[in-house]
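Trainee: Got a structure for you, questions after.
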Amino acid sequence: MPPDSEFIPGLFVRDDDEGLFSRDINGQLVRLDAATEADYRKTVTLQIDGVPVQVPLAEPLTDASGNIVVDLEGRTTPRYTTIYDAARKLYVEQLGDEKKIPIPVLCHQPHMTPVAVCRLCVVQIYGQKRGRRAAERKLLPACQHQVKDGMEVFTMNAPGPDGDRVRQTVKAVTELLAADHLKPARPPELEKELKHFNELRRMTETCGADPSRFNLEILSNPPPPPPPLAGRRELDSSSPVFLVDHGACILCDRCVRACDDVRENHVIGRTGKGVTAGIGFDLNVPMGQSTCVQCGECMVSCPTSAITFKPVAQIEILAKDRSAEVLKAKELISDPIFAWIPPKFLLWQQGLVIRRKIKKGQILCRQGDPGNTAFIIRRGKFRVTVFPGVRGTGAWFKRPIFATELTPADMIFGEMACLSGSPRAANVTALEAGEVWEIRRNVLDRLMRLPSQRQRFETEYRERSLDLALQHTDLFKGIEQEEYSRIVDYLRNRLVFVRLRAGQTLFEHGEIATHLYFVRLGHVRVSVHEHGKVAKVVSSGPGTILGEIGLLAFTSEDDHKTVKEVDLALMRALDQAEDDFGNVFPPGVRTATCVALNNLELAQLSRADFLQMLRKFGLLRQRVVKQSLARLRSSTVGHRILDEYVAQGLFEGQSILVLDLDNCTRCDACTRGCVEQHGTRTHGIPIPRLLRAGRRLDNFMVATSCRSCTDPHCMVGCPVDSIHRGKHLQIVIEDHCIGCGLCAENCPYGSIFMIPNERNRILMPDPDDVGRTHLVGQLKAANCDLCDAMGELSSPRPACVAACPHDAAFRVTGPQLLERVMRTHVRDLAAGGVRARISESHVLERLKE
């Protein structure tokens, strides 16, 4: 070491102050300012074990899934870059390189906010203080410490005394943790598989730690009796899915952050103080008695044997054809693609990845099929073909509107349908013999969290989303291929994808109109204002556009003009404006308030690019004018039926069970038909999958039964991926359901029922008699699957409809139900001599939109 690296008294800055404060070079408390967007452009050069690395001073904040957090204006939230971030950039060049990072972490994960409680990531830091190179007084956590220009960092891989100090510290901390908390997994039959995935055990082996040095038998003879741990439990087996061994908990808080930040369930937290500190569920009740939804995120995140899964919760899925093979966790763990995915997750979810050998000419999936899986290309070449329609329509036989080829370099396809629960958007055919790994949604979600994969997936997802967002938009339907290709090429680099959560506002009435939006996924509540009040509420779903009226500054005066007159005036104005639209088209204001009804994904186009598009493509201009005038004319009418339609969520129903109250005699034949059709196959006892009760829409009763929503709320977060779409886009629940109840809780319409499965009885502790157990049927979800869970029928034939003797029960989509109700209402108004402010044709035109 050079002479100036020796200990220099009085030259050290304290870096352990809490909150927003630290100390300056003179030891005075100073406030640390938050990072700004300007810090993105500032670069910092530091050395890690003598190797220089240059990183930005700040990076965009990401959410728990690794997506960059942006607001509606596309602005990001800056956060300071940490030493661990810099180490990732230095050592992670390709998939699987995460293991090369010389900074061990136990409490930190790339998708979690760092808390620096385990202190295994400590490093020795040198910096310039009072003009001289000096070492920090103590070792500091790399996962949380901010980078500074000229900083020198020494990890446990560094030679010399600095590396020795880090190594000895990490070893001592590991020994202290292992002496108290390194325990075999519970139950014993899982220990053989789980012990290799205990991160604390692996850390003791890596650094050569000897936990026995701190055993009580060695420190004291005889050992003193341990004090009682007030408020703590050694083993909690109350959950039907998981086991909690509080004695193996190291208080890393990974389970807490997984529950709060990743899943947003807010069930787990800290309880107790000092030696009695531990994790607790809700108000420190047993896990099985808490509001835990048993999603498994805490178990997967736990680095020790504190939280494990019971054997009954293991996923066992048999491949449905002879050419398929379920991949074992051992093979997945050793594959670079799955590097850095928690091995405990792969062991628990074993069965959700299937190897399929593909023959030349074989069709992997067809456009319109349910998309429950994605495909990782291992070898071979595949052709992707998109047709301008779906099966069963005349458009299906037209020539394709999009075609491309995929190779292992493209890595994955089918991920869009898998993530969104939407139907397949293309045909995929093998051009040569090959192999693919078919993965379910849970595994795909984990892959997309990996920092080494996220950017690649996001880029490909957005590229493919662009083509589909435009292809399925009403504005572009029926356009010739050559013209459509020109439009796509124009928009490709101009569209930006934005995502909104349920309840988030897109724009409000009266705001300046700045963007056009193409709705790709989800639904929007559109509230039209009149005289300062909401006059009408409608919904817009996938394939619609939003904001064009405000961008063109149309007003109620344009309502009285013809489409030809308005289009001609718009064309002349666009030609006159050329590229300067500001003087010819003063900014308009929003004529409605738009709020996301569920998770929403939109493609966003700026006002200038939108006007330029209308100038370049006359057909689009004519279509936009026609749609805008139709909306202006229909927006002047408010109706209670439309309000109820949106409030009941009927807009997203694809198979709603409706009872015509004029014909229904309440005989309950529909319920009996459902019970008799399904029998005891799924639960060992006969159960109904519908309730002949629900809310009304005019003279129709919407029964409590699965609606096969376009945006399936129930499929979100299933811990074992046992719920998916069937052949007819219905919701199907598979036999490996563990009965966590999350799908039933997520369903906003009460259409999923949790019922004991008498075909699968498990041992459960008796709550009234400690130490005793009894056999109970494990809970399993039940819902309507249109009487064709296996997809054996060409079209669904639900028994509830067939059993009705009075032709009162029928299944329709939400828009079909609304159209039927509004037709009747408009006809009644005309018959009663009431003058409507809107004609029947305008109603139906708006419904089609």
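Trainee: If you go through region 172-192, how many residues are modelled with pLDDT under 90 and open to solvent by 70 Å² or more (accessible area, probe 1.4 Å)?
Mentor: Number of matching residues: 6.
Trainee: Only residues that are at pLDDT 90 or above, assigned to a loop (DSSP other than H, G, I, E, B) and either in contact with a strand residue (DSSP E or B) (Cβ under 7 Å, 6 or more places away or on another chain) or closer than 21 Å to THR62 by Cα (or both): list them for region 120-137, please.
Mentor: Listed by number, the list holds a single entry, CYS121.
Trainee: Now for a different question. Only one of (1) free of Cβ contacts under 8 Å to residues at least 60 places away in the same chain; (2) closer than 20 Å to THR304 by Cα is not met by ASN198, so which one is it?
Mentor: It is condition (1) that ASN198 fails.
Trainee: Quick check on ALA135: is it open to solvent by 10 Å² or more (accessible area, probe 1.4 Å) and more than 23 Å from VAL300 (Cβ to Cβ)?
Mentor: Yes; evaluated as a whole, the condition is true for this residue.
Trainee: Could you grab me the full set of residues in region 80-123 that are without any contact (Cβ under 8 Å) to a residue 12 or more places away in the chain and not acidic (Asp, Glu)?
Mentor: TYR91, LYS100
Trainee: So which residues in region 193-206 are open to solvent by 40 Å² or more (accessible area, probe 1.4 Å) and closer than 28 Å to ALA135 by Cβ, if there are any at all?
Mentor: THR206
Trainee: Another question, if that's okay. For region 650-686, name all the residues that are touching a helix residue (DSSP H, G or I) at 6+ places or on another chain (Cβ under 7 Å) and in a loop (DSSP other than H, G, I, E, B).
Mentor: Across region 650-686, the qualifying residues are GLY653, PRO686.
Trainee: Pick out, from region 557-646, the helices (runs of 4 or more DSSP H) lying fully within it that include 1 or more residues that are at pLDDT below 80 and exposed (fewer than 15 other Cβ atoms within 10 Å of the Cβ).
Mentor: 563-577, 581-584
Trainee: Something else now. Out of region 341-363, which residues are basic (Lys, Arg) and within 21 Å of the chain's Cα centre (by Cα)?
Mentor: LYS344
Trainee: Now a separate question. Would you mind finding the one in MET701, MET715 that is within 29 Å of the chain's Cα centre (by Cα) and farther than 18 Å from PRO756 by Cα?
Mentor: Just a single option satisfies the conditions, and that option is MET715.
Trainee: Hey, another quick one. How many residues does region 504-530 hold that are over 24 Å from PRO586 (Cβ atoms) and over 26 Å from the mean Cα position of the chain (by Cα)?
Mentor: So the answer is 1.
Trainee: Looking only at residues in region 283-326 that are modelled with pLDDT of 85 or more and among the charged types (D, E, K, R), which one is most open to solvent (accessible area, probe 1.4 Å)?
Mentor: The extreme case among them is GLU325.
Trainee: Follow-up question, since we're still on this one. Can CYS714 be described as in contact (Cβ under 8 Å) with a residue 60 or more places away in the chain, under 30 Å from LEU597 (Cβ atoms) and outside any loop (DSSP other than H, G, I, E, B)?
Mentor: yes
Conditions (1) modelled with pLDDT of 90 or more; (2) part of a loop (DSSP other than H, G, I, E, B), marked per residue:
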| site | (1), (2) |
| --- | --- |
| MET203 | yes, no |
| GLY208 | no, yes |
| PRO222 | no, yes |
| PRO225 | no, yes |
| ALA230 | no, yes |
| SER238 | no, yes |
| CYS252 | yes, yes |
| CYS255 | yes, no |
| GLY269 | yes, no |
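Trainee: Determine whether VAL147 is within 12 Å of VAL122 (Cα to Cα), at pLDDT 90 or above and not charged (D, E, K, R).
Mentor: No; evaluated as a whole, the condition is false for this residue.
Trainee: Here is a follow-up. With the requirement that a residue be modelled with pLDDT of 85 or more, touching a helix residue (DSSP H, G or I) at 6+ places or on another chain (Cβ under 9 Å) and β-branched (Val, Ile, Thr), what does region 330-383 give you?
Mentor: Scanning region 330-383 gives VAL353, THR373, ILE376, ILE377.
Trainee: Is it the case, given these coordinates, that GLY741 is over 18 Å from SER655 (Cα atoms) and either exposed (fewer than 15 other Cβ atoms within 10 Å of the Cβ) or of a type in the set (Gly, Ala, Ser) (or both)?
Mentor: yes
Trainee: Just checking, how many residues over region 722-738 are open to solvent by 10 Å² or more (accessible area, probe 1.4 Å) and part of a loop (DSSP other than H, G, I, E, B)?
Mentor: 7
Trainee: I'd like to check which helices (runs of 4 or more DSSP H) are fully inside region 747-849 and have at least 2 residues that are among the hydrophobic types (A, V, I, L, M, F, W, C) and modelled with pLDDT of 70 or more.
Mentor: Answer list for region 747-849: 799-802, 814-831.
Trainee: Checking THR169 against (1) surrounded by fewer than 21 Cβ atoms within 10 Å (Cβ to Cβ); (2) under 38 Å from the mean Cα position of the chain (by Cα), which test does it fail?
Mentor: Going through the list (1) surrounded by fewer than 21 Cβ atoms within 10 Å (Cβ to Cβ); (2) under 38 Å from the mean Cα position of the chain (by Cα), THR169 breaks only (2).
Trainee: Considering only residues that are under 24 Å from LEU818 (Cα atoms) and open to solvent by less than 30 Å² (accessible area, probe 1.4 Å), look in region 685-703 and name the one that is modelled with the lowest pLDDT.
Mentor: Once the filter is applied, the top-ranked residue is LEU697.
Trainee: For region 361-380, which residues satisfy the criterion of being over 9 Å from VAL436 (Cβ atoms), in contact with a strand residue (DSSP E or B) (Cβ under 6 Å, 6 or more places away or on another chain) and open to solvent by 20 Å² or more (accessible area, probe 1.4 Å)?
Mentor: GLN362, ILE363, ARG366, GLY368, PRO370, ASN372
The values are calculated or read from the model by the stated rules, or taken from the named source; none is laboratory data. Because the structure is a prediction, the values reported are computed rather than measured. Positions of Cβ are generated from backbone atoms using ideal geometry, with glycine treated the same way; all protein chains shown enter the neighbour counts. Remember, those area values only see protein heavy atoms, side chains included, never the ligands or the DNA or RNA. Shrake-Rupley method; radii C 1.70, N 1.55, O 1.52, S 1.80 Å.
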